[in-house]
Every structure is written in structure tokens, then in C-alpha cells.
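Chemist: Below you will find the structure I want to go over with you.
The values are calculated or read from the model by the stated rules, or taken from the named source; none is laboratory data. All values derive from a computational prediction rather than experimental measurement. Cβ placement follows ideal geometry from the backbone for every residue including glycine, while neighbour counts extend to all protein chains displayed.
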Amino acid sequence: MAATAHRSTAALTFTHSRTTLANCDGSVPSARAPGSDILQDGANLFLVTAEDELLSLDAATGRENWKIASGVSNDDFLVTSSPALSHGRVFFGGMNGTVYAVDENSGRVIWKRELGLRVSTAVAVLGDSVYLGTIANRLYRLAADTGAVLAEYPLDARPLGSITTGDDSILVPVETQLVLCLTSDLKTERWRKHASQAWTIARPYVIQGAVLLGEQGKLHGFRLSDGRELWTEEVGGVVRGVGNDQSTLYVGTLKGIIFAYPSPIR
């Protein structure tokens with residue numbers, strides 16, 4: 001597929017409202033800045049702050065509905081774990097090593113599971129299972145309804161970033177150079193891929209049975225089921241984000257250029 005860079009000169013105008021996560025005296029602590037992905041379900045937003053608080057906000061007004069705090073003082077501003085939404089619950093992995101399942105409407109803690117050490121990945125949900133990794137070089141599968149530990153998988157190094165799910169597979173970034181594909185029961189490693197230097201893409205992307213991984217100057221497509229390389233495309237820059245529609249694959253780089261390719265994914 002031939003690379004073609006497209007730049008748009010059209011100006012975009014957004015109508016927006018602004019919400020500040022402020023103290024009672026009106027000051028705005030940097031620790032209350034969003035530190036995770038922002039999720040939306042209906043009229044509510046959900047995010048984790050840099051102070052390791054799970055917040056629910058009214059999407060229309062920004063008013064705080066409720067919060068759950070891990071109690072950890074994140075003085076070093078380490079990356080917090082992004083939450084996950086499923087079946088009316090928000091799943092949150094705290095820096096205190098505890099995983100919480102919270103009723104998204106009331107903020108009531110349905111269950112919590114102590115894993116001992118800081119959660120180092122975003123939380124992911126597949127079916128009735130919750131997945132996350134910790135700084136103990138462990139990946140966990142928990143029961144979404146009770147928090148029981150269903151499986152634990154030892155890793156070679158620390159899992160980082162976002163866990164991605166696809167079909168019956170779990171894709172786990174390990175440090176910056178390795179991505180593992182495991183069966184969803186965490187019993188079998190399907191395949192692993194090493195980057196020449198580091199995987200730079202925000203997370204593994206799963207699109208119609210293909211896994212997309214990006215690094216310096218290259219975008220790779222691998223078959224989800226067995227890891228076989230489907231194609232590699234030279235890209236002018238460090239690959240960071242990917243999007244697609246039925247006919248086009250969009251690749252964003254840290255140079256500020258978005259490339260549009262005829263999609264190789266059918």
C-alpha cells in the first residue's frame with residue numbers, strides 16, 4: 001500500500017464548556033488534573049485524577065457526582081491507571097494495589113480486591129473478566145461480579161500502558177519493547193512481538209482480526225490468531241495513533257502528520 005500524506009487546511013470550530021477540578025477555596029491543585037482516559041456512559045463521565053481518585057462527573061455541567069480515592073499520595077505524579085466500564089460498573093486499579101468495582105450511578109463500592117502492589121496498566125474488561133497488571137510483573141484476571149482472582153500470569157518485566165482485548169485474546173504491553181498475546185483464560189501465550197527499539201503506539205489496536213503495532217518509522221500488521229505478519233508499512237515518523245473506516249487506515253505520527261492509506265484490513 002502506497003503512503004500518501006494528507007494535510008487539511010480547513011479550520012475546525014468547537015462549541016465547548018469548561019470544568020475545573022477545584023478546591024473549596026477556588027484554587028486548582030495540579031494533582032486533581034485528569035491522569036487517565038476519560039470515559040462516558042450516558043450523562044456521566046468517569047476518570048482517574050493524578051491524585052489517584054476515581055471521579056464521576058456530570059457530562060453536561062461538570063458537577064462532581066462522587067469520588068473514590070485510593071488514599072495514595074502521588075507526589076511523583078506517576079501515571080495513573082485508566083478505568084473500564086461494563087454492565088453499570090466502573091473498574092478502577094489504584095496505586096495502593098487495590099482494584100475496585102464501583103456502581104457507576106451511586107458510587108457505591110461493590111467489591112474491592114487487594115493485589116499488594118501498584119496497578120501499572122489500564123483496566124480492561126472482556127466478558128465476565130477484568131484484566132490488569134501490577135508492578136510485581138504480574139497480570140491478573142478477576143471475576144467481574146465478585147473480584148475473585150481467576151488467574152495470575154507471571155511476566156518477564158513490568159506490564160505498562162493499555163491492555164487490549166480481541167476475540168478470545170488479551171494483548172499486553174510489557175515495558176516498551178514487548179507485546180504479548182495471551183488466551184483470555186491466561187493459560188497460554190499465543191505469540192509475542194519485540195520492537196527493534198520500542199513500540200511507540202499508544203496501545204495495540206485490534207481491527208478485524210489484525211493487530212496493529214507501531215514503532216519508529218514503521219507500522220506492522222499481525223494476525224491476531226497466530227501473530228503471523230500480514231504486512232509492514234514504512235511511515236515517515238514515530239507512529240502514535242491509528243484509526244480506520246471501511247476503506248481507509250489513518251496513521252498519526254509525532255511529527256504532527258496523519259497519513260491516510262487504502263486499508264489493507266478487510
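Chemist: So is L160 at pLDDT below 95 and either under 18 Å from the mean Cα position of the chain (by Cα) or buried (at least 16 other Cβ atoms within 10 Å of the Cβ) (or both) or not?
Modeler: Details: at pLDDT below 95: yes; either under 18 Å from the mean Cα position of the chain (by Cα) or buried (at least 16 other Cβ atoms within 10 Å of the Cβ) (or both): yes.
Yes; evaluated as a whole, the condition is true for this residue.
Chemist: Would you be able to tell me the number of residues in the range 196-214 that are in a strand (DSSP E or B) and out of contact with any His (no Cβ under 8 Å at 6 or more places or on another chain)?
Modeler: Residues meeting the conditions: 5.
Chemist: Let me ask you something else. Restrict the check to the range 134-153 and report whether at least one residue is under 12 Å from the mean Cα position of the chain (by Cα), in a loop (DSSP other than H, G, I, E, B) and of a type in the set (A, V, I, L, M, F, W, C).
Modeler: No: the range 134-153 contains no residue that is under 12 Å from the mean Cα position of the chain (by Cα), in a loop (DSSP other than H, G, I, E, B) and of a type in the set (A, V, I, L, M, F, W, C).
Chemist: With in a loop (DSSP other than H, G, I, E, B) and crowded, with 17+ Cβ neighbours inside 10 Å as the only criterion, which of S106, S56, S36 stands out? Walk me through how you get there before you give the answer.
Modeler: On the way: S106 fails: crowded, with 17+ Cβ neighbours inside 10 Å; S56 fails: in a loop (DSSP other than H, G, I, E, B).
Within the list S106, S56, S36, the selection yields S36.
Chemist: Condition test on L182, is it under 20 Å from L219 (Cα atoms), in contact with a Leu (Cβ under 8 Å, 6 or more places away or on another chain) and either in contact (Cβ under 8 Å) with a residue 40 or more places away in the chain or not in a strand (DSSP E or B) (or both)?
Modeler: Against the criterion (under 20 Å from L219 (Cα atoms), in contact with a Leu (Cβ under 8 Å, 6 or more places away or on another chain) and either in contact (Cβ under 8 Å) with a residue 40 or more places away in the chain or not in a strand (DSSP E or B) (or both)), L182 does not qualify.
Chemist: A further question on this structure: Quick check, is A143 free of Cβ contacts under 8 Å to residues at least 24 places away in the same chain and within 30 Å of D103 (Cα to Cα)?
Modeler: So A143 passes the test.
Chemist: Which ones in the range 163-175 are in a loop (DSSP other than H, G, I, E, B), surrounded by 15 or more Cβ atoms within 10 Å (Cβ to Cβ) and touching a residue at least 24 places away in the same chain (Cβ under 8 Å)?
Modeler: First, pick out the residues of the range 163-175 that are in a loop (DSSP other than H, G, I, E, B): 163, 167-168, 175.
Next cut, surrounded by 15 or more Cβ atoms within 10 Å (Cβ to Cβ) only: 163, 175.
The answer is I163, and nothing else.
Chemist: Pull out all pairs, ordered by first then second residue, where Cβ-Cβ is under 9 Å, the residues are six or more apart or on different chains, the first lies in the range 53-65 and is closer than 25 Å to V99 by Cα, and the second is of a type in the set (A, V, I, L, M) and at pLDDT 95 or above.
Modeler: L54/V90; L54/V102; S56/V90; S56/V102
Chemist: Quick check: is even one residue across the range 45-52 modelled with pLDDT under 65 and part of a loop (DSSP other than H, G, I, E, B)? Show your work before the answer.
Modeler: Here is the first cut: in the range 45-52, the residues modelled with pLDDT under 65 are none.
Scanning the range 45-52, I find no residue that is modelled with pLDDT under 65 and part of a loop (DSSP other than H, G, I, E, B), so the answer is no.
Chemist: Further, regarding this structure: Of (1) modelled with pLDDT under 90; (2) surrounded by 13 or more Cβ atoms within 10 Å (Cβ to Cβ); (3) more than 19 Å from A124 (Cβ to Cβ), R203 satisfies all except one. Which?
Modeler: Single failed check for R203: (3).
Chemist: Shifting gears a bit: Could you run through the range 59-76 and say how many residues are polar (S, T, N, Q), modelled with pLDDT under 90 and surrounded by fewer than 17 Cβ atoms within 10 Å (Cβ to Cβ)?
Modeler: Step one: of the range 59-76, the residues polar (S, T, N, Q) are 61, 65, 70, 73-74.
The next check asks that each one be modelled with pLDDT under 90; those that pass are 70, 73-74.
In the following step, the residues that additionally are surrounded by fewer than 17 Cβ atoms within 10 Å (Cβ to Cβ) were identified as 73.
Within the range 59-76, residues that are polar (S, T, N, Q), modelled with pLDDT under 90 and surrounded by fewer than 17 Cβ atoms within 10 Å (Cβ to Cβ) number 1.
Chemist: Continuing with this model, one more query. Looking at this structure, is I135 within 23 Å of P154 (Cα to Cα) and either of a type in the set (S, T, N, Q) or surrounded by fewer than 19 Cβ atoms within 10 Å (Cβ to Cβ) (or both)?
Modeler: Values: within 23 Å of P154 (Cα to Cα): yes; either of a type in the set (S, T, N, Q) or surrounded by fewer than 19 Cβ atoms within 10 Å (Cβ to Cβ) (or both): yes.
Yes: the conditions hold for I135.
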